[in-house]
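Quick notes on the structure that follows.
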Amino acid sequence: MNYAFILALIMMTTYIVSSLKIPNAKLRPLERLIALSSLFLAIIFTLFPISSSWIAFHINIDRGTDLVVYTYIASSWIFLNILYRRLKLLEDRQTNMMREFAILNSQNSFKNDSIK
Amino acid sequence: MDLLKESLIIIPAYNEELSIGETLKSLSKVFTNILVVDDASTDKTVEIAKLYTQNIISHLYNVGQGGAIQTAIDFFQTKTNYKYLITFDADGQHQTEDAYNLLKECDKKNYDLVIGSRFLSKKSIENIPKTKRQILKLAAIFESKLSNLKMTDAHVGLRVLSKKMCSLTKLQNFRMAHSTEILLIASRNNLTVKEEPVFIKYNEYGQNILNSFNIILDLCFFLLSDKK
């Protein structure tokens, strides 16, 4: 189970990082689904602590607390990656704008053979 | 000479006040069109560069060498009178005569990309520090495998790009791994690539070996996010 969990985390990271070219709108439903599922699980595990042990038993994890920890790590990791992706896209957009501005700014002063 | 009038030499610079003056002084003896892309330097780089050229593009914030080169490429695209773009480091490691030789070779045989290599002349090889030599050899093998091009050296900032190469170049990697990205672009578009011997003068301002780790990480992220 531990190896499967680590593998799943690596796969999720790879997917999110490699999705840099996918428009935000396409990934947003998935992000919201993950956010809502995490919230739902958090409520269930708080109201009915025994349910974590029941689910853990059925998916072959030793204890309910382990399942809660795994879920917490997985969701934190996913959101960290989503934030990284958003930040990267924003950074690229901002850099392109800054670049256009810098080029426009320099056009007036640019001269051929202007070396002193 | 027409060839010099048709080429634009670009120098990405970030806090290079110690070396930019000498670099521009040497270049201005040969090249007529010099462009400095100031990557938001906080020292006197721009003031010193202005003593030699009025052609300076200033970034509002630091984006990295790849980002500065892309800015120069975008600028190059807005001009119709240039055929070649030459990238030249600001740290004083490159030689002006090497830049000119690369340009002549590119024009003579109509290459799309001519890159400098330290491993094509004995004098140049002996000048490379031992550890760096091993790392560069490994990097060259890795880049050759990745790009399907036979490269003897990796990450030399001295290169000549044709107009066609420039039109296809949209660098995503703004930091140091842009060098590998340029090779990938040339390889994927079946462009003609040639290596020419260059001499690199090592000084204390150059890249240190620990930066190789940064480049590898940048490259991994780039390869992961690259969809082509």
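The values are calculated or read from the model by the stated rules, or taken from the named source; none is laboratory data. Remember, it's a predicted structure, so these values are computed and weren't measured experimentally. All Cβ positions, even for glycine, are placed from backbone atoms using ideal geometry, and neighbour counts span all protein chains on display.
Checking the stated criteria, B:L102 turns out to be more than 10 Å from chain A (Cβ to nearest Cβ), surrounded by 24 or more Cβ atoms within 10 Å (Cβ to Cβ) and closer than 22 Å to B:S124 by Cα. Among residues of segment A:57-91 being surrounded by 15 or more Cβ atoms within 10 Å (Cβ to Cβ) and facing chain B (nearest Cβ under 10 Å), the one that is nearest to B:N81 (Cα to Cα) is A:K88. Report whether or not B:A99 is within 21 Å of B:I185 (Cα to Cα) and in contact (Cβ under 8 Å) with a residue 40 or more places away in the chain. Spelling it out, it is not the case that B:A99 is within 21 Å of B:I185 (Cα to Cα) and in contact (Cβ under 8 Å) with a residue 40 or more places away in the chain. Screening B:E196 on (1) outside any strand (DSSP E or B); (2) modelled with pLDDT of 80 or more; (3) among the charged types (D, E, K, R) shows it passes everything except condition (1).
Look at (1) modelled with pLDDT under 95; (2) more than 16 Å from the chain's Cα centre (by Cα); (3) more than 10 Å from chain A (Cβ to nearest Cβ) and you find that B:Q65 fails only one, number (2). Does B:I215 satisfy the criteria of being buried (at least 19 other Cβ atoms within 10 Å of the Cβ), within 26 Å of A:R93 (Cα to Cα) and at pLDDT 90 or above? Considered against the rule, which asks whether it is buried (at least 19 other Cβ atoms within 10 Å of the Cβ), within 26 Å of A:R93 (Cα to Cα) and at pLDDT 90 or above, B:I215 comes out as no.
Just one of the numbered conditions (1) within 9 Å of chain B (Cβ to nearest Cβ); (2) free of Cβ contacts under 8 Å to residues at least 40 places away in the same chain; (3) under 21 Å from the mean Cα position of the chain (by Cα) is not true of A:Q107: (3). Taking residues in segment B:12-38 that are more than 8 Å from chain A (Cβ to nearest Cβ) and surrounded by fewer than 17 Cβ atoms within 10 Å (Cβ to Cβ), and partners anywhere that are in a loop (DSSP other than H, G, I, E, B) and of a type in the set (F, W, Y), the pairs with Cβ atoms closer than 9 Å and at least 6 places apart or on different chains are B:K25/B:Y52.
In contact (Cβ under 8 Å) with a residue 40 or more places away in the chain and among the small types (G, A, S), is that true of A:A56? Against the criterion (in contact (Cβ under 8 Å) with a residue 40 or more places away in the chain and among the small types (G, A, S)), A:A56 does not qualify.
When each of B:D107, B:D112 is tested for being surrounded by 20 or more Cβ atoms within 10 Å (Cβ to Cβ), at negative phi, touching a residue at least 40 places away in the same chain (Cβ under 8 Å) and among the charged types (D, E, K, R), the lone residue that passes is B:D112. Residues in segment B:37-56 that are hydrophobic (A, V, I, L, M, F, W, C), assigned to a loop (DSSP other than H, G, I, E, B) and either closer than 18 Å to A:F110 by Cβ or more than 21 Å from the chain's Cα centre (by Cα) (or both): B:L51 only. Checked against (1) part of a helix (DSSP H, G or I); (2) surrounded by fewer than 24 Cβ atoms within 10 Å (Cβ to Cβ); (3) aliphatic (A, V, I, L, M), B:A68 meets all criteria but (2). Checked against the criterion of being crowded, with 17+ Cβ neighbours inside 10 Å, away from chain A (no Cβ under 14 Å) and at negative phi, the candidates B:E126, B:E143, B:E97 yield just one match: B:E143. Residue check: A:I44 meets all listed conditions (1) loosely packed, with under 13 Cβ neighbours inside 10 Å; (2) more than 14 Å from chain B (Cβ to nearest Cβ); (3) at pLDDT 85 or above but one, namely (1). Could we say that B:S167 is of a type in the set (G, A, S), surrounded by fewer than 16 Cβ atoms within 10 Å (Cβ to Cβ) and in contact (Cβ under 8 Å) with a residue 24 or more places away in the chain here? Spelling it out, B:S167 is indeed of a type in the set (G, A, S), surrounded by fewer than 16 Cβ atoms within 10 Å (Cβ to Cβ) and in contact (Cβ under 8 Å) with a residue 24 or more places away in the chain.
Among the residues of segment B:104-159, those identified as under 16 Å from the mean Cα position of the chain (by Cα), of a type in the set (V, I, T) and over 22 Å from B:C220 (Cα atoms) are B:V114, B:I115.
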